[in-house]
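Reading through the structure tokens given below for one structure.
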Amino acid sequence: SQSEVKTFKQPSMATFRISAILNAKPACCNENVNQGARIRKVLAFASSAPALNASVCVRDLQVRATARGVFGGLFPRLVQRQPSSKRMHKKVRNMCTAAAAAGTSGVYDTELSKGYEAVRLASQLCQKVQRQLSGDEKQSKNDDSPVTVADYGAQAIVAWSLQRAFPDTRLRMVAEEDSTDLQGEGNASIRRRITELVNSFITKEDPTANFSEQEILDLIDLGNSPGGSEGRHWVLDPIDGTRGFVGGRQYAVCLGMIQDGEVVVGLLGCPNMPSAVMTPEDGTSAALQGIGAEGVGMCFAAQKGGGAHKGLLTAGLPSEPLLMKNTSDCTQARWMESYESRHSSHGTTEDLAKELGISSLPLRLDSQCKYGALARGDATVYLRFPPVGYREKIWDHAAGVVIVSEAGGKVTDAAGKKLQFGRGRWLDLEGGGIVAACPSLHSQLVDACVKLAA
């Protein structure tokens, strides 16, 4: 019954973390429980927010908050004697959302902003190519997966953009493509096309810049970092979902940043993704018809400890906070999986859905667009179970994982283990797959995976 006082001094975006915690409230909050313990948890997590004094009276379940600096006037007095936990949750959540809208400064604000510019340029390049993709602008890799001039071009333009943004730092980037398959006289035509394409976008940003074919190849090969648990590494999938890209479906430009083995920044450029809740049709080639239309083309952004945000791809760095709803009711869940069964076993995911009592049909989408859709609430579950023997790569998940995590969700392998992004270019899993959901559903998913694997 004693009052507790917590003072936050360092500027950051920790209020978003408060929002995520409050949004992901456990089911017990619907009951008459000690709300004081929950408030203390919120205060403990917000270890660095702009000069904010918050006093909590556990006995009366009162919250009084005053703010100064960039939060001046945003935090009204919250005085409700013996409020229900639902009412308390709503009031504090509204307070946090208001603070989020005002904007704060985070540790990786610069990297997030510069990363957005790189993703924006790469997404524009991809849109141009997808509109007019021809047969001589794509190849097949050794594993029979397609690669297009847009894959190479997007990687080159992201490398250029990041080098330009951080000229005093050697760029270390773990990326999907390299120039090996572009060498030789037989590939002269595609090299020329990539060079023209990249230069057409770079010169809009810097009229003095003009790169030769070899310089473009060198930019592509900047993605050859081995990764690891030390230092800073950018992680890029220039086009995640190339089959979707070629088929006129969904795809994403995915850029993450790893600091000492932890993903701390994530950006997804989803040029064909509508701002409205996605329908099954949005996962098909019908998406091609929406290129450039109003309300089509989304960007998702997050930094560790700073929350996740969404916005239109053309509207600047995303600023609308993402807060996933937490539910434990599987019967109301909407689940997602890969569009093609070669990328994820539809049989395995269907068995899991049945085990959990999920009756809805899956939303099938290509690429890490699924992480963005999960973070903004288009679905509540994402399941991925690739073929036996397939090794996931870190660029296939890095950006999406930090976005969902900062929105209040949870992503692990099927055994419930944290995904490890500091072990090089590969992402080895236990349990054969990846599961992502709000916290209450996630624990049930992992239990179901373990049960079916037994």
What aspartates and glutamates could a cross-link reach from K418, if we take a straight Cα to Cα line under 12 Å and drop same-chain neighbours fewer than 8 places away?
E262, D428, E430
Might you tell me the accessible area per residue for region 289-432, computed with a 1.4 Å probe and given in Å²?
40
From Cα coordinates alone, what are the radius of gyration and Dmax values for region 394-454 in angstrom?
11.5, 32
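How many percent of Cα pairs in region 334-454 exceed 17 Å?
Working: 3657 of 7260 pairs.
Looking at region 334-454, the distances longer than 17 Å represent 50 percent of pairs.
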Once you charge only the Cβ atoms, +1 for Lys and Arg and -1 for Asp and Glu, what is the size of the charge dipole of region 283-341 about its Cα centre, to the nearest 20 debye?
200
If I compute solvent accessible area with a 1.4 Å probe over the protein chains, what percent of it on region 313-454 is carbon and sulfur?
50
Here the Cα Rg-to-2.2 N^0.38 Å ratio for region 187-230 is 1.41
Rounded to two decimals, what is Rg over Rh for region 318-383 when you use alpha-carbon atoms and the Kirkwood radius?
0.99
Sorted by mean Cβ packing within 10 Å, highest first, what order do the peptides 363-374, 391-402, 287-298, 436-447 take?
363-374, 391-402, 436-447, 287-298
What ranking, highest mean first, results for peptides 213-222, 424-433, 276-285 when packing means the other Cβ atoms within 10 Å averaged over each residue?
213-222, 424-433, 276-285
Overall dimensions of region 156-248 as given by Cα atoms, namely Rg and Dmax in Å
14.1, 40
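With all protein chains present, how much of the accessible area of region 194-270 (probe radius 1.4 Å) comes from carbon and sulfur, to the nearest whole percent? All intermediate terms of the calculation are to be shown ahead of the outcome.
Details: 1100 of 2470 Å².
Roughly 45 percent of what the probe reaches on region 194-270 is carbon or sulfur.
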When you count, for each residue, the other Cβ atoms within 10 Å and take the mean per peptide, how do 243-249, 233-239 rank with the highest first?
233-239, 243-249
Quick one: Debye curve from the alpha-carbon atoms of region 270-414 only, equal weights, vacuum; give me log10 I(q)/I(0) at q = 0.14, 0.17, 0.20 Å⁻¹ to two decimals.
-0.67, -1.00, -1.35
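The values are calculated or read from the model by the stated rules, or taken from the named source; none is laboratory data. It should be emphasised that the depicted structure is a prediction, and the values quoted were computed from it without experimental measurement. Note that we place each Cβ from the backbone using ideal geometry, even for glycine, and neighbour counts take in every protein chain shown. Only protein heavy atoms, including side chains, enter the accessible area calculation; ligands, DNA and RNA are left aside. Shrake-Rupley method; radii C 1.70, N 1.55, O 1.52, S 1.80 Å.
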